[in-house]
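Report on one structure; see the data block that follows.
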Amino acid sequence: MKRHITVGLENLLTEKIHLLKGARVGLVCNQASVDHNFQHPADLFHAHPDINLTALFGPQHGIRGDVQDNMIETEHAVDRVTQTPIYSLYSETREPSEEMLKDVDILVFDMQDVGCRIYTFNYTMANCMRAAKRFGKKVVVCDRPNPIGGVAVAGNVLDPEYASFVGQFPLPTRYGMTVGELAGMFNDHFKIGCDLEVVPLSGWSRDTWLDETDDPWVMPSPNIPTVDTTLVFPGTVHFEGTQISEGRGTTRPFELVGAPYIIPEQYAERLNAIGFHGVYFRSSVFQPTFQKHARVSCGGVQIHVTNRKDFEPVVVGVAMVKTAFEMYPEDFRWKEPPYEYVYDRNPFDVIAGTNKIREAFERGDSLETIEASWQAPLENFKKVRDQFLIYS
């Protein structure tokens with residue numbers, strides 16, 4: 001039987017509704033920001049007698065989540081249901097302007113995260129917090145579960161020189177925190193310093209995956225269709241920095257990886273020989289319908305997670321890139337800039353948050369050496385992280 005939880009949105013509308021009474025409210029949300037009845041917060045706020053909803057703000061992929069690709073901006077609009085103005089925070093600006101906030105006293109942030117540093121929603125939150133600090137607004141963050149649990153912490157910690165919209169702060173690839181816990185860290189440790197209140201979850205514990213709860217799953221962005229996708233994403237997202245397809249344009253994005261030149265049986269055999277726990281690499285051929293290698297048959301693998309508690313996606317994803325780099329030196333290519341509006345750096349380095357992993361590949365360093373280089377910064381991060389954990 002699945003564990004019952006109450007998400008921050010539901011707690012805000014019941015136990016914490018006093019926070020919004022008498023205020024003009026702006027709401028940052030998208031299609032995944034639902035309650036247990038799949039009701040959207042814009043509709044709930046608009047219908048609520050104690051809430052004056054004055055503005056909506058949409059993240060990357062739009063407030064309805066319909067925009068497929070990266071670096072495809074969305075326009076400002078008016079919500080057809082509530083007739084509330086929608087301001088895009090993936091447009092000519094990533095941060096609310098003073099004009100956008102002129103009719104807002106409190107900015108409510110309610111977004112479903114995926115548990116990986118390389119995802120823009122948490123930085124939309126940080127940008128909203130900065131704007132709130134600058135223009136004297138309050139921020140209320142409605143917490144939601146980390147879909148891949150709140151225990152495991154893994155990967156390299158971002159080098160601040162490689163900060164971008166897919167990594168603003170020195171976090172590891174998999175940080176094991178909820179969005180509400182991150183908000184506290186951004187505000188205090190990273191010194192945004194806005195007037196912040198986090199409305200916690202109820203009933204969730206750190207060792208619980210989202211699909212072990214009764215929390216409804218709505219895909220937070222077009223290429224994160226399932227909770228299974230979130231499990232592999234912290235690893236295979238690294239393929240976005242290469243010319244190898246990460247499965248966009250298939251029904252299994254980030255689970256399917258391949259390119260026209262890869263011989264799938266050989267690639268799968270090499271990966272399985274590494275001996276990772278909790279995963280099997282099945283040779284596969286697929287045709288993406290869009291993006292890299294669209295309508296071209298790609299050889300590669302599908303990742304089958306056999307035990308997700310043993311499976312560590314970050315080192316697996318890095319190993320997959322490294323193996324392709326070594327097996328196909330004549331064909332392997334890094335993605336060309338720009339990536340998420342960074343024009344002067346290798347896109348793989350932007351995604352990884354460092355140039356050290358790519359340079360380690362090029363030197364021929366072992367996977368063990370690469371993973372060992374992550375450990376000291378990771379331990380330092382864990383000490384900071386402990387200060388901001390809300391749940392046990």
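Restricting attention to the stretch 247-260, the residues that are part of a strand (DSSP E or B) and open to solvent by 10 Å² or more (accessible area, probe 1.4 Å) total 1.
Taking the condition of a type outside the set (D, E), part of a loop (DSSP other than H, G, I, E, B), open to solvent by 40 Å² or more (accessible area, probe 1.4 Å) and over 23 Å from Y175 (Cβ atoms), does V81 pass?
Details: of a type outside the set (D, E): yes; part of a loop (DSSP other than H, G, I, E, B): yes; open to solvent by 40 Å² or more (accessible area, probe 1.4 Å): yes; over 23 Å from Y175 (Cβ atoms): yes.
Yes, satisfied.
Here are some residues: F165, F121, F169, F186. Which one is surrounded by 24 or more Cβ atoms within 10 Å (Cβ to Cβ) and aromatic (F, W, Y)? Every option except F186 fails the conditions.
Of everything in the stretch 2-34 that's assigned to a loop (DSSP other than H, G, I, E, B), free of Cβ contacts under 8 Å to residues at least 60 places away in the same chain and on the phi < 0 side of the Ramachandran plot, which residue is least open to solvent (accessible area, probe 1.4 Å)?
So in the stretch 2-34, the residues assigned to a loop (DSSP other than H, G, I, E, B) come out as 2, 4-5, 7, 15-16, 20-23, 29-34.
Those still in the list that are free of Cβ contacts under 8 Å to residues at least 60 places away in the same chain too: 15, 21-22.
Subsequent filtering for residues that are on the phi < 0 side of the Ramachandran plot retains 15, 21.
Values: E15: 133, K21: 112 Å².
It comes out as K21.
State which residue is modelled with the lowest pLDDT when the search covers only the stretch 84-96 and only residues that are touching a Phe, Trp or Tyr at 6+ places or on another chain (Cβ under 8 Å) and open to solvent by 10 Å² or more (accessible area, probe 1.4 Å). Among residues in the stretch 84-96 that are touching a Phe, Trp or Tyr at 6+ places or on another chain (Cβ under 8 Å) and open to solvent by 10 Å² or more (accessible area, probe 1.4 Å), the one modelled with the lowest pLDDT is R94.
Evaluation of R117 against the conditions (1) farther than 28 Å from Y343 by Cβ; (2) touching a Gly at 6+ places or on another chain (Cβ under 8 Å); (3) among the basic types (K, R) shows that the sole unmet condition is (1).
Mind listing just one residue for me: the one in the stretch 373-392 that is small (G, A, S) and in a loop (DSSP other than H, G, I, E, B) and, of those, farthest from W204 (Cα to Cα)? Lay out the reasoning, then the answer.
Just the residues of the stretch 373-392 that are small (G, A, S), to begin with: 373, 376, 392.
Filter again for in a loop (DSSP other than H, G, I, E, B), leaving 373, 392.
Numbers: S373: 33, S392: 9 Å.
Checked the stretch 373-392; the qualifying residue farthest from W204 (Cα to Cα) is S373.
In the stretch 44-58, what count of residues is obtained for those that are of a type in the set (D, E) and either on the phi > 0 side of the Ramachandran plot or under 25 Å from the mean Cα position of the chain (by Cα) (or both)? Counting residues in the stretch 44-58 that are of a type in the set (D, E) and either on the phi > 0 side of the Ramachandran plot or under 25 Å from the mean Cα position of the chain (by Cα) (or both) gives 0.
Restricting to the stretch 340-389, give me the number of residues that are hydroxyl-bearing (S, T, Y) and touching a strand residue (DSSP E or B) at 6+ places or on another chain (Cβ under 7 Å).
Filtering the stretch 340-389 down to residues hydroxyl-bearing (S, T, Y) leaves 341, 343, 354, 366, 369, 373.
The next check asks that each one be touching a strand residue (DSSP E or B) at 6+ places or on another chain (Cβ under 7 Å); those that pass are 354.
The number of residues fulfilling the criteria is 1.
Selection over the stretch 314-372 of residues that are open to solvent by 40 Å² or more (accessible area, probe 1.4 Å), farther than 24 Å from F165 by Cα and assigned to a loop (DSSP other than H, G, I, E, B) gives a count of 5. Filtering I263, I224, I244 for residues that are aliphatic (A, V, I, L, M) and open to solvent by 10 Å² or more (accessible area, probe 1.4 Å) leaves a single hit, I263.
Which residues, taken from the stretch 189-214, are open to solvent by less than 10 Å² (accessible area, probe 1.4 Å) and out of contact with any strand residue (DSSP E or B) (no Cβ under 8 Å at 6 or more places or on another chain)? Result: L210, single match.
L101 meets each of the listed conditions (1) open to solvent by 10 Å² or more (accessible area, probe 1.4 Å); (2) among the aliphatic types (A, V, I, L, M); (3) modelled with pLDDT of 95 or more; (4) out of contact with any Asp or Glu (no Cβ under 7 Å at 6 or more places or on another chain) apart from (1).
The values are calculated or read from the model by the stated rules, or taken from the named source; none is laboratory data. Note that the coordinates shown come from a computational prediction; the quantities given were computed from them, not determined experimentally. Backbone-built Cβ (ideal geometry, glycine too); neighbour counts: all protein chains shown. These accessible areas exclude ligands, DNA and RNA; they are computed on the full protein's heavy atoms, side chains included. Shrake-Rupley method; radii C 1.70, N 1.55, O 1.52, S 1.80 Å.
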